[in-house]
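The values are calculated or read from the model by the stated rules, or taken from the named source; none is laboratory data. Just so it is clear, the model here is predicted, and its values are computed rather than measured. Don't worry about glycine lacking a Cβ; one is built from the backbone with ideal geometry, like all the others, and counts go over all protein chains shown.
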Amino acid sequence: MLAAGQVAPAISLPDQHGNAVTLDSYRGRRVLVFFYPKASTPGCTQQACALRDVAGQVGDTAIVGISPDKPGAQLKFDEKYSLGYPLLADTEHAVAEAYGVWKLKKNYGKEYMGIERSAFLVGADGRVEQAWYKISPKDTPTRLLEALGR
């Protein structure tokens, strides 16, 4: 698990438009990197829309979502809810593994591997400022605003 002060693992993934996005491209500004299990599902929609709704209150802090969905599914999610920030496709879950959020999950007695909803505030220097594992959809924007002193 990542902790405050650690260098955030590198990110280089396609966004919903197929453009490569890297964590290094945000160097010099803070970025909230949040991981969600599946685009357009109820909890993920609640989380993504809540972050969209506070985007105007976070100043220069960027918001970036990551899930195992393909870019096409990310694009539909973005367009349906007018999210307006990059949604990255981690189809091989390599980035999720690097952040420690690719976990064994259980649902209705079945076990499978998937994303543990989590969020990370990465500082302008590329180091983790805050790591929130197992965060709820509604707490994500609240924790972000608190960490930014808003």
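Worth pointing out:
Here's the yes/no breakdown for (1) over 19 Å from Pro141 (Cβ atoms); (2) of a type in the set (Gly, Ala, Ser); (3) touching a residue at least 60 places away in the same chain (Cβ under 8 Å); (4) buried (at least 18 other Cβ atoms within 10 Å of the Cβ):
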position	(1), (2), (3), (4)
Gly5	yes, yes, yes, no
Ala10	yes, yes, yes, no
Asp24	yes, no, yes, no
Arg29	no, no, yes, no
Gln57	no, no, yes, no
Tyr81	no, no, no, no
Ala89	yes, yes, yes, yes
Lys110	yes, no, no, no
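- Among the residues of segment 91-108, just one is of a type in the set (Val, Ile, Thr) and without any contact (Cβ under 8 Å) to a residue 40 or more places away in the chain, namely Thr91.
- Selection of segment 112-132 for residues being in contact (Cβ under 8 Å) with a residue 60 or more places away in the chain, not in a loop (DSSP other than H, G, I, E, B) and not β-branched (Val, Ile, Thr) yields Gly114, Ser118, Ala119, Phe120, Leu121, Arg127, Glu129, Gln130, Ala131.
- Condition met for Glu79 (out of contact with any strand residue (DSSP E or B) (no Cβ under 9 Å at 6 or more places or on another chain), under 23 Å from Ser25 (Cβ atoms), assigned to a helix (DSSP H, G or I) and at pLDDT 95 or above): yes
- Scope segment 31-50; condition under 20 Å from Gln130 (Cβ atoms) and either surrounded by fewer than 21 Cβ atoms within 10 Å (Cβ to Cβ) or of a type in the set (Asp, Glu) (or both); matching residues: Ala50
- Candidate set: segment 86-111, residues that are assigned to a strand (DSSP E or B) and among the hydrophobic types (A, V, I, L, M, F, W, C); chosen: the one farthest from Lys76 (Cα to Cα): Leu104
- Set side by side, the residues Gly59, Gly65, Gly5 differ, and just one is in contact with a strand residue (DSSP E or B) (Cβ under 9 Å, 6 or more places away or on another chain) and over 19 Å from Ile115 (Cβ atoms), which is Gly5.
- Of all residues in segment 46-58, none are part of a loop (DSSP other than H, G, I, E, B), of a type outside the set (Val, Ile, Thr) and at pLDDT 95 or above.
- Considering (1) hydroxyl-bearing (Ser, Thr, Tyr); (2) in a helix (DSSP H, G or I); (3) within 13 Å of the chain's Cα centre (by Cα), the lone condition that Ser25 does not fulfil carries the number (3).
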